[in-house]
Each structure stands twice: as structure tokens, then as C-alpha cells.
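Here's the structure we're looking at; comments come further down.
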Amino acid sequence: MKIRNSLLHVALVVTIFTFAVTGCENLTEGEENAKAKFKVSFVNKTTTSSLAKINTPNTVMIDSGYVIIREIVFDGEKAEGGSVSITHEQISTISIATGKATPEIEVTIPSGKYKDVNLGVEIHDETNKPSIVAKGVYTDNSGVKIPIRFEFNSGEVFEANAKEHTFASGASALAQINFSPSKWFSTVQSYMLENATKVNGVILINENTNTSIFNIVADKLDDLTQAEFK
């Protein structure tokens, strides 16, 4: 999976909307009634041991924030022939702390065996409000905890892919997108955080403030984010 310069965090479990089939497959009446639920799960892979490092100098830990999504696209080729393309637009905000999506989201797709499956989750970027905000603390060289805030505002896309997957009628499939927030700042040098610009006492990281740190974190997220169908 690839995330194009995007950020996310924690156990975001997205429970999903109902989608309409807009692709090129012609379904029979029986096929139209054979539906499967499709869920997307955003999971934080930060371990208990890494969370315990919150008191370790030069450590960044993220524990709250949100992600706003605006569109989900599903594409796949049916094994017996024909293709399915489903697009749905609805704004939903996912809490980084709890994983709750507001409003909840649920996708319904035609059941069956698919090949070359792709799922795209697009980030909302049509306002001045950041589409992704991650908040936590940075423990400096002296052990002092300083609030830290990462902001991202771009219509990037989270993607999950599979060569083949079977969606059983009446069952709930899952595309799990795994993140490692404890490692997002792993290649940021400590001197950069020690000397970072603070806004009202907070280390603010976005495209306009502490941009060097912003670019490093965005690239690291792209490298570390993975997805799998279950």
C-alpha cells in the first residue's frame, strides 16, 4: 500500500456507507441481491512497550487528533468476467484517539470472487481546516514534555490492493490499513525538535512551520504505511 505524503494514526475503525454500483458490470437480479458489507479499518501498530517510552528523552508520542475523509472508491474485476467500480462521497471525521467515525460509514458491494482489487480512501481538502491533525508530546533532552501538533491538508489517497479476494454474500470483508505512529518521527534528528519553532508553547509542524520536519515525517509515513485485505 502507498499513502502519498499523508498522515494518520491510531485505531481508526471506519464502519462505512452504502455505495451504488457505477461501473461497467451488468448484474442480474440475483446478483444484485447478493451483497457483501465492506469495512475499512485503520489500526495503530504502536506497541505497549513503545508507549512506555513516553518518558524517554527525544521521543515523540501521538495520542489524539482526527482525520477527515470525503470519498471512497472501490474497483475490482470479477473472476467470472466483468468489472465493478463503486464511488461514494460523504464527509466523515475519524477520531485518532477512539477510532470512531462520525458519521459512521458502511459500504455494500456485489459479492463474489474478485481479482485486481483496489480501494482508495480520499482525504478531504476543500476547506482551510487541516484534513489531518495529530497531537501528542515531545519529551526533550531534559525530560520536559512539550506539546506537539502535526497538521496536513491535502486531498491525498490511502490505498489498499489485492491480487484477488472473495467477498461472501452477507459477510463483512475488511481492508486493514496499518500505521506505526511511534516511528513517524524516527528519522527526525533530535536537534531539529529541540530547536523547532513553537506557537503558543506548541511545536507546530505543517507546510508553513517547521517544514523540514514536516517533509521528513510525510516521507516516513509513505514508507511505513501498509494495508491488507482480511
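The values are calculated or read from the model by the stated rules, or taken from the named source; none is laboratory data. The shown structure was predicted, so the numbers you read here are calculated from the model rather than taken from an experiment. Cβ atoms come from the backbone with ideal geometry, glycine included; neighbour counts cover every protein chain shown. Keep in mind that these areas ignore ligands, DNA and RNA; they rest on the heavy atoms of the full protein, side chains included. Shrake-Rupley method; radii C 1.70, N 1.55, O 1.52, S 1.80 Å.
Scanning region 54-80 for residues that are open to solvent by 20 Å² or more (accessible area, probe 1.4 Å) and of a type in the set (V, I, T), we see that the one that is farthest from I205 (Cα to Cα) is V73. Residues in region 100-112 that are farther than 13 Å from A171 by Cα and touching a His at 6+ places or on another chain (Cβ under 9 Å): 1 in all. For region 64-75, does any single residue satisfy the condition of being in contact (Cβ under 8 Å) with a residue 24 or more places away in the chain, over 21 Å from N153 (Cα atoms) and part of a strand (DSSP E or B)? Yes, there is a match, as at least one residue in region 64-75 is in contact (Cβ under 8 Å) with a residue 24 or more places away in the chain, over 21 Å from N153 (Cα atoms) and part of a strand (DSSP E or B).
Find the strands (runs of 3 or more DSSP E) located wholly in region 89-185 whose residues include 2 or more that are among the charged types (D, E, K, R) and either open to solvent by 20 Å² or more (accessible area, probe 1.4 Å) or under 22 Å from S212 (Cα atoms) (or both), and list them. Reasoning before the result, please.
Details: elements: 107-110, 112-123, 132-139, 145-152, 157-167, 172-179.
Correct list: 112-123, 145-152, 157-167.
Consider region 196-207. How many of its residues are assigned to a loop (DSSP other than H, G, I, E, B) and at pLDDT 95 or above? Steps first, please.
As a first pass, look at region 196-207 and keep what is assigned to a loop (DSSP other than H, G, I, E, B): 196-197, 200-201, 206-207.
Restricting the remaining residues to those that are at pLDDT 95 or above gives 196-197, 200-201.
Selection size over region 196-207: 4.
The set of residues from region 198-211 being in contact (Cβ under 8 Å) with a residue 12 or more places away in the chain and either of a type in the set (A, V, I, L, M) or surrounded by 12 or more Cβ atoms within 10 Å (Cβ to Cβ) (or both) comprises K198, V202, I203, L204, I205, N206, E207, T209, N210.
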